[in-house]
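See structure below.
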Amino acid sequence: MAKEAAGAGTTPKPLHELSRRGLARKLQVGKVSTGTLRYLSNTLVGKGFDWLLPVVFSKSTDPLWPDPGASIEKRIETEVYGESVRATQSMIIHKLVACSTAFGKFFVLSPNVRIEKRERGATGWHSYEFTQLDFEVRDGRFEHIKSLVEELIVGLIGELKSERREELTSLGRYGRLTAPKAPFRTFDTATLRARYGEAWEAALPKSISEPVWVTNIPREFYDFEDPSTGKWDNYDLFVPSYGEILSGARREWEYERIRAKMERDGVRKENYALLLKLAKEGRLRPSAGAGMGVERLVSWIVGAKHIGEVQPFPKVPGTVYDL
Ligand code: ASP
Ligand code: MG
């Protein structure tokens, strides 16, 4: 829906160009967003997760490659103190290192800079700066992450329907939004390809009325690929009418496998020197985790036509705003 609902004339306006009605709506969305962040962070802290702060520039960041869904026009690389650094595309490398060393389970609300191709401005579902609720659990497996995420989503919708009833009602969402029932169904990409063909990602959200999991998605080296079956032990969460709001995986941690996958994929090993060194020394530990797109989650909850509507300062691909 996001895809068709957006389009010419609907590109979100910046704050100073909104009508009084537009500003009131922005504030209502902001209240739902605040309730969302409070619920998710409180729940995770209550479960013993540590709350880490994000970083912006590092030598290593997520390659976002190979990922058939990625469409990056430009990667931000710059130089500080004579060394080249990259703007965070995701904190996956930091997560692997933090989880293998000091922090057994943690989350971080991390700004991700992904300069998407400009045509993605029209999808209503992409933004070139967004915030990811990124978390990782040492020795975790899909079943742990699955039940954690389901508990978070079901609890969140219940909480917002009681705590943000007024805002959801005036946004026209109160009646339509119902807390989903766990466990959510899980589909293998092989099944989805057989059913919908290569365009399964666009078809799936239109054919579901509850969130569903998708597993076995070929992509970056850090997601675990089972050598005996060739299947990927990773998972995305899709919500009805919209699409993917969370991606995650059980991780690779063994040096030889990470090295071979980087070579196979043409990923520049020199950009991952520390990760490779730790892996070689046997210092990476098995883990699993995921990253949830906060603005996508809120877009679904409030029924936004364009993801930029839920950002105080929209970052729509192809458009550079003053702020
Ligand atoms: N942060 C990762 C990403 O953006 C998600 C994950 O934990 O795998 O792809
Ligand atoms: Mg990823």
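Note on E163 and R264: the model spin-label points, each 7 Å out from Cα along the C-beta direction, lie 4.3 nm apart. The label-point distance for S84 and K117, in a model that sets each label 7 Å from Cα toward Cβ, rounds to 2.4 nm.
I'm checking a number: the convex hull volume of the Cα atoms of the chain, normalised per residue, in Å³. What is it? Could the numbers behind the result be given before it?
Details: hull volume 44.4 nm³, N = 323.
Roughly 137 Å³ of hull volume per residue.
Note on the chain: with a GNM built from Cα contacts shorter than 10 Å, the maximum mean-square fluctuation among A260, A290, A87 falls on A260. A Cα-only calculation for the stretch 191-323 places Rg and Dmax at 18.0, 52 Å. Please list log₁₀ I(q)/I(0) at q = 0.09, 0.14, 0.21 Å⁻¹ for the stretch 109-263, using the Debye equation with identical point scatterers on the alpha-carbon positions. At q = 0.09, 0.14, 0.21 Å⁻¹ the computed log10 ratios are -0.36, -0.88, -1.56.
For the chain, set up a Gaussian network in which alpha carbons nearer than 10 Å are linked by springs, and say which option among D233, D67, D223 fluctuates the most. Of D233, D67, D223, the Gaussian network model singles out D67 as fluctuating most. Between rounded, prolate and oblate, where does the stretch 1-100 land on the alpha carbon gyration tensor, with a ≥ b ≥ c its root eigenvalues, rounded for a/c under 1.5, else prolate if a/b exceeds b/c? Oblate, because a/c is 1.5 or more while a/b does not exceed b/c. I'd like the distance separating the alpha-carbon centroids of the stretch 202-220 and the stretch 269-323, in whole Å. Measuring centre to centre over Cα atoms gives 18 Å. Need the C-alpha centroid separation for the stretch 235-250 versus the stretch 17-71, integer Å. Cα centres, the stretch 235-250 to the stretch 17-71: 15 Å.
Per-residue ellipticity at 222 nm for the chain, helices alone: DSSP H runs ≥ 4 residues times -39500 (n - 2.57), over residue total, nearest 500 deg cm²/dmol?
Numbers: 10 runs with 111 residues, N = 323.
Calculated mean residue ellipticity at 222 nm is -10500 deg cm²/dmol.
Largest GNM mean-square fluctuation across V80, V310, V214, computed for the chain with C-alpha springs under 10 Å, falls on V80. Hey, with R₀ at 22 Å, roughly what FRET efficiency would R185 and T43 work out to, going by the Cβ-Cβ distance, to 0.05? Step by step, r from the Cβ atoms, then E = 0.40.
Using Cα-Cα distances under 8 Å and only pairs 6 or more residues apart, what relative contact order does the chain have, in percent? Don't jump to the answer; show the numbers that get you there.
Numbers: 596 pairs, mean separation 80.3, N = 323.
Computed value for the chain: 25 percent relative contact order.
Kirkwood radius for the stretch 229-273, taken over all pairs of different Cα atoms as the inverse mean of 1/r, rounds to 12.9 Å. In nm, give the distance between the simple-model label positions of I76 and D322, each being 7 Å from the Cα along the Cα-to-Cβ direction. It works out to 2.1 nm between the two label points. Can you count the Lys pairs in the stretch 174-296 whose Cα atoms are under 24 Å apart, with each pair 8 or more apart or on different chains? Step by step, the pairs that qualify in the stretch 174-296 add up to 8.
In terms of accessible area, using a 1.4 Å probe and ignoring ligands and nucleic acids, R219, R283 rank largest first as R283, R219.
Please tell me the relative contact order of the stretch 24-110 in percent, rounded to the nearest whole number, where contacts are Cα pairs under 8 Å and at least six residues apart. It would help to have the intermediate numbers written out before the result.
Numbers: 77 pairs, mean separation 32.2, N = 87.
With pairs under 8 Å counted, the relative contact order is 37 percent.
Computed over every Cα-Cα pair of the stretch 62-107 and binned at 10 Å starting from 0, the pair-distance distribution P(r) comes out as 21, 39, 34, 6 percent.
The values are calculated or read from the model by the stated rules, or taken from the named source; none is laboratory data. Just so we're clear, the structure is a prediction, and the values are computed from it rather than from any experiment. Because the Cβ atoms are built from the backbone with ideal geometry, glycine has one as well, and the counts that use them run over all protein chains shown. What goes into the accessible areas is simple: the full protein's heavy atoms, side chains included, and nothing from ligands, DNA or RNA. Shrake-Rupley method; radii C 1.70, N 1.55, O 1.52, S 1.80 Å.
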